[in-house]
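In what follows, a single structure is set out as structure tokens and then discussed.
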Protein chains: 2
Amino acid sequence: MENQQHLSGRHVEIQHKVDLEPVGRRALVEPGMTLLDAARRAGVEIVAVCGGAGACGKCRVRRVDGELTPPTPVELRAFSALELAAGHRLACQARPLSDVKIDIPPASLSTPQRLQVEGQESEVAVDPVVQPVDVTLVPANLHDLRSDTVRLTDALAEQAIPRPFFDQPVLRDLSAKLREQDWSVRLALRRHNHRGEAVGVLHPEQALLGLAVDVGTTKMAAYLLDLASGHTLAKAGLMNPQIAYGEDVVSRIAHANRHSDGRHLLQARLIESLNDLIDQLCREAGVIHAQIVEAVVVGNTAIHHFFAGLPVRQLGESPYIAAVTEPLDICACHLGLKLASGAKVYLPPNIAGYVGADHVAMLLATDAWRAQKPTVALDIGTNTEISLAVDGQLFSCSCASGPAFEGAHIHAGMRAAPGAVEYVQIRDDGVRLQTIGGKPPVGLCGSGILDAVAELRAAGIVQRTGRFQPDHPRIISWDGGGAFLLAPAADTGNNHDLLVTRRDVNEIQLAKGAIRAGVEVLLLEAGLTAQDIDTFIVAGAFGTYLDLESAIHIGMFPSLPLERFKQVGNAAGTGARQMLISAEQRRLAAQIIERVRYVELTVHPGFTTVYMDAMYL
Amino acid sequence: MENQQHLSGRHVEIQHKVDLEPVGRRALVEPGMTLLDAARRAGVEIVAVCGGAGACGKCRVRRVDGELTPPTPVELRAFSALELAAGHRLACQARPLSDVKIDIPPASLSTPQRLQVEGQESEVAVDPVVQPVDVTLVPANLHDLRSDTVRLTDALAEQAIPRPFFDQPVLRDLSAKLREQDWSVRLALRRHNHRGEAVGVLHPEQALLGLAVDVGTTKMAAYLLDLASGHTLAKAGLMNPQIAYGEDVVSRIAHANRHSDGRHLLQARLIESLNDLIDQLCREAGVIHAQIVEAVVVGNTAIHHFFAGLPVRQLGESPYIAAVTEPLDICACHLGLKLASGAKVYLPPNIAGYVGADHVAMLLATDAWRAQKPTVALDIGTNTEISLAVDGQLFSCSCASGPAFEGAHIHAGMRAAPGAVEYVQIRDDGVRLQTIGGKPPVGLCGSGILDAVAELRAAGIVQRTGRFQPDHPRIISWDGGGAFLLAPAADTGNNHDLLVTRRDVNEIQLAKGAIRAGVEVLLLEAGLTAQDIDTFIVAGAFGTYLDLESAIHIGMFPSLPLERFKQVGNAAGTGARQMLISAEQRRLAAQIIERVRYVELTVHPGFTTVYMDAMYL
């Protein structure tokens, strides 16, 4: 209204449209306002530790279209010439000169905003393995006594569809559905070797849906998709309930080994939670469970084995062998999943005992697997899986990076929740913190602890070996190794000092050292050096929202120009969705496995030396 | 010892060897002794109501080899010239003149003996769908991290065996077995479309076994077979526990419809009992459940549906439609059957709602289905399924013959157990009864009531309409319709008079009328008359042990020369065993279905008239 008035009135005040992608919001701004102002006006929270003073350099965005004011001196210092040429800007500095379109990378969004955009729609051609066939039968009578399946098969033959396989659970539904629906049904037909398999019986007006799930060691994310359009109808997330049995998969395997029904209990807890997610998705989308006729579930190999009810004992003992690496199709009903009666759950192939189908899904979603120029793709977690693609070959490894980046084993560590410090700036004049939700600081989440260590090192408060500079005024005595006072009790939400301890720094050294060593060993295997890397893809929740400069600063990532890095969000979930809506994507997943050479770090001759080096800050 | 002494001594007394088939016993007899004496000496009980006086004509046997005394006048009266030419004799009359081999038809064996021989070994070429493959793998180590399935697949490839499909339950066993057995396993590989499916993982010394089951409405029979030789290792029988929910399938379907979990309860009871039988078979044969890698289960369509967990509601309502008629392979683990982890249960095809896979198995075992000359094959039960084969075509129908022949709805009816009257002779000088086990008469089993009615009719005590001759001294007043005193209380095992009531005669009229009408309608459909029937096959427990002459006498079977009849025992069980040990037999079962034209009696224009006629005695 207000805007229209302006346009129709005499004294038209100029406004520029600012389209903010990928969140899909638009703001109207007056000349002179910054992109940061525009984002705030649209309700999009961009990270700005310094409060928009141009001091922190966190509010990075990229111009996609339209005209902006020229780069300021602050921006000329913050970016390389290449980055500026590519449109990189600081949101607090750049001002629109026309209507513009801006891309906000996930790392520049505050945590709650990120969660809304993570897991983008994939862009593969929609061609799911399950397709609908509508059919109307001649009703049975005493002169036409064909069985229900024969009658249905005959009607399908009229549509030139060969007799499908009917599994038990579908046969249990079919007879009643035919009679309730006046002999008209929509069959969900799944491609199955040389003939189709009927996996669901629906009403001709019900759409066929699919479920894609990424089960992480800590979190699970589930997506409900329309199989006809490939669109995501609803998303939902939950903690992985197995955390109660161990925060990493090694302790969960140990738990399963110690208890006679441990493996089944861990499977059951997973299935229960997934059923809760399915309930939630169905409610949100206004659909019924029977419409979900196919599912894809990705996770690491241990999660995969727990989920499928496969043995895990041999995964927990050297040489850490997967029972199965080939793709599996499991009947949802045998797992106890609340989907269509005959729905199958597709589990993509695993690479090895500690490189699972979630990594395959990530390689697929990022297209990293078929990169011709040297490309590193990794997914940071308690276990970090890394692949190096070059000339159509893939080298993959796994390293135990530990749960430090998820806030565990860190003195003031916490998950990414309101009050968690996510960005840290340490200057001579003091310490600046940005917390999730702008709340008083409660603890440090993964990106916060990473930033803190990087800043402590940059300020010279921490030495290369990880030892504190004992003279610094903020270093206090703590548990034999000292600690840095990040925020005094008066400023925190819990009336305790917020500390970064010597042991915290050590945990980060172990974690980042393992990751860096993994990258270096793969480079060695391929006969390359870090500088040969053309693209460095960082996937997963933490990996996407960490500060790249901090990660490079502490040596977790090799020192490459920032434009070579790509932070891609939950690519495993995106890959799962791609395999849900496209049979071709499943074939590609099989090709990925063919190309992989798995490198076992623990027996690699160069590993120990590389690892020792990589632990220095 | 004794025999050797005779042969080596001076005064050698001649003895003849008498081989008794199919029981497989041998007797040595002195000249002058009868075949009945020989059988008694060998512990084989042959039916002889008259005690060997040549009066009852029940002790029929057939000479296979060797020389016997010429037929006596009694035998010349008992047999036709054709029968005599074919070697038929009375065991109480014929005496060996050399070593001889004698075939004792099931009907001539007393009940306990019959149960031992019923269900003959089949003679099909052994070629089961599951075959063993022994394989030894290179153990996994840190330099060879292939998953267990890939390692196994690679080893199979060396034997030119394509990668099999591994279903979940097998994958659950595989990893532990490989390690426990030092990486040597015997895989049970099942033919499955274009590649094999691994259905069991065993030790290389363990034989692969199969289970064949015939589930009748009243009884279940299970057979454990060695899949390599095709031999039966053990047999066991049990009552069908579903009897508690109705003695015929119609009442069981009604029960299932009335109770929300009725269908699953009826399935569960069946599975429990079958698991008991499996336990018993494994104990007897000294094997473990995991060795049973394949099963075949036959039963009528309702039993089939209950067993497979298929819906039965539409089977119980006109037009009585089967949910499925095609053959099914069901995972034993999903049924809860205690077999090898991946074992499949093959359910052969059904013909219609009331002609099931057990009838198909019978047609297969008897070869009736491909007879060129007109052949009738039927299996008498609560429901009687009848097929007429001629010129490569099959006409099949089903008739509700009721449970009278199983002793139900008969005043003094009982199952074939010790004390049950199995044969009856009524002469002017009195009534002779033969009971199972020679015990005092407790009641009448199926063949006893059939004999009684036939003898009552022959003696003129019952009229064509089923009414009693009221003047007869043994006719007493009973419940408005009178009753015949078969044995006074003083002679019975329970101090009650043993009676055949007017209502009993009526039940038999209804039952035999339905069966005869079914035969006649099929003949009408084929454009034949009863006299055109070349072979008349009677299968099933009761059908095999009934007295053919009695059955003809009361008009249940058409009046054909006795040599045209074949009483074949539990042919359904034999057919199940054939399909267990031979893939070819399963293909033939599919061919049978192709050839059948099902005739629905209830809408057949000629049925009512034929049925009314057929009820006369």
Loop GluC sites (Glu not before Pro), the range B:191-247, which have at most 14 other Cβ atoms in a 10 Å radius of their Cβ (DSSP): B:205
Based on the Cβ-Cβ distance from residue A:393 to residue A:195, what FRET efficiency comes out when R0 is 35 Å, to the nearest 0.05? 0.45
Cα extents of the range A:412-492 along the three principal axes, largest first (Å): 34, 25, 22
Normalised by the number of residues in the range A:2-104, what is the relative contact order in percent for Cα pairs under 8 Å and 6+ residues apart? 34
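Add -39500 (n - 2.57) for each DSSP H run of 4 or more in chain B, then divide by its residues: what number comes out at 222 nm, to the nearest 500 deg cm²/dmol?
Rounded to the nearest 500, the figure is -9000 deg cm²/dmol.
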For chain A, take the longest principal axis of its alpha carbons; what is the angle in degrees between that and the long axis of helix A:148-158, to the nearest 10 within 0 to 90? 80
Got the residue A:587 label distances to the other copies yet, label 7 Å along Cα→Cβ, in nm, shortest first? 3.2
In degrees from 0 to 90, rounded to the nearest 10, what is the angle of the helix B:262-285 Cα long axis to the longest principal axis of chain B? 90
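By how many nm would the segment from residue A:251 to residue A:549 grow when fully extended, if each residue of separation counts as 0.36 nm and the alpha-carbon distance is taken off? Please list the in-between numbers first.
Numbers: separation 298, 0.36 × 298 = 107.28 nm, distance 3.31 nm.
Gain on stretching residue A:251 to residue A:549: 104.0 nm.
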Hey, rough spin-label estimate for residue B:428 and residue A:612, points 7 angstrom out along Cα→Cβ, what's it come to in nanometres? 12.1
In nm, the gap between the two label points placed 7 Å beyond Cα toward Cβ at residue A:64 and residue A:98 is 1.7
Where N is the number of residues in the range A:130-202, Cα Rg divided by 2.2 N^0.38 Å: 1.02
Write down the radius of gyration of chain A and its Dmax, each obtained from C-alpha positions, in Å. 26.9, 99
Under Stokes-Einstein, the range B:2-104 at 20 °C and 1.002 mPa s, with its Kirkwood radius over C-alpha pairs, diffuses with a coefficient in µm²/s of 154
In Å³ and rounded to a whole number, note down the convex hull volume per residue for the Cα atoms of the range B:336-451. 188
Only Lys, Arg, Asp and Glu count, each charged at its Cβ (+1, +1, -1, -1), so figure out the dipole size of the range A:141-290 about its Cα centre, rounded to 20 debye. 340
Measuring from its Cα centre, the protein assembly as shown shows a charge dipole (+1 at each Lys and Arg Cβ, -1 at each Asp and Glu Cβ) which, in debye to the nearest 20, is 520
Dmax and Rg, reported as Rg then Dmax, of the range B:470-562 (C-alpha, Å): 17.3, 54
What are the nm distances, shortest first, from residue B:141 to its equivalents in the other copies, labels at 7 Å along Cα→Cβ? 7.6
Checked against the positive end of the charge dipole of chain B (+1 on Cβ of Lys and Arg, -1 on Cβ of Asp and Glu, about the Cα centre), the farthest of B:485, B:92, B:78 is B:485
Sequence neighbours fewer than 8 away in the same chain don't count; with that in mind, list the lysines whose C-alpha is under 16 Å from residue A:373. A:566
Trypsin sites (Lys or Arg not before Pro) in the range A:428-501 lying in a DSSP loop, each with at most 15 other Cβ atoms within 10 Å of its Cβ, come to A:464, A:467
Expected sort for A:123, A:294 with the fewest Cβ neighbours (10 Å cutoff) up front is A:123, A:294
Whole-percent pair-distance distribution, where bins are 20 Å wide, for the alpha carbons of the protein assembly as shown: 10, 31, 25, 17, 11, 5, 1, 0
Mind listing which trypsin sites (Lys or Arg not before Pro) in the range B:193-253 are in a DSSP loop and have 15 or fewer other Cβ atoms within 10 Å? none
Roughly how many nanometres apart are two label points built 7 Å out from the Cα toward the Cβ at residue A:532 and residue B:181? 4.6
Arranged by the count of other C-beta atoms within 10 angstrom, fewest first, what order do A:553, B:264, B:88, B:143 take? B:143, B:264, A:553, B:88
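By how many nm would the segment from residue A:86 to residue A:583 grow when fully extended, if each residue of separation counts as 0.36 nm and the alpha-carbon distance is taken off?
Details: separation 497, 0.36 × 497 = 178.92 nm, distance 3.56 nm.
Extra length available between residue A:86 and residue A:583 comes to 175.4 nm.
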Once phi is turned into θ = phi - 60°, what whole-Hz ³J(HN,Hα) does the Karplus curve with 6.51, -1.76 and 1.60 give for every residue of the range A:591-600, x standing for Gly and Pro? 5, 4, 4, 4, 8, 7, 10, 7, 10, 7
Going by C-beta contacts inside 10 Å, put A:445, A:282 in order with the fewest on the left. A:282, A:445
Principal axis lengths of the range A:164-274 from Cα atoms, whole Å, largest first? 53, 33, 30
Angle in degrees between helix A:249-258 and the longest Cα principal axis of chain A, rounded to the nearest 10: 50
Percentage relative contact order, chain B, counting C-alpha pairs under 8 Å, at least six apart: 12
At 7 Å out from Cα toward Cβ: residue A:534 inter-copy label distances (nm, ascending): 7.9
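Using Cα pairs closer than 8 Å and at least 6 residues apart in sequence, work out the relative contact order for the range B:130-202, in percent.
Contact order relative to length: 40 percent.
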Calculate, axis by axis, the spread of Cα positions in the range B:213-314 along the three principal axes, and write the results as whole Å, longest axis first. 45, 20, 19
Isolated Cys in chain B, by beta carbon distance under 4.7 Å: B:59, B:92, B:282, B:331, B:333, B:397, B:399, B:445
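Bear in mind that the values in this text are calculations on the coordinates, not laboratory data. Fair warning: this is a prediction, and the values are worked out from it, not measured in the lab. Cβ: placed from backbone, ideal geometry, glycine included. Neighbour counts: every protein chain shown.
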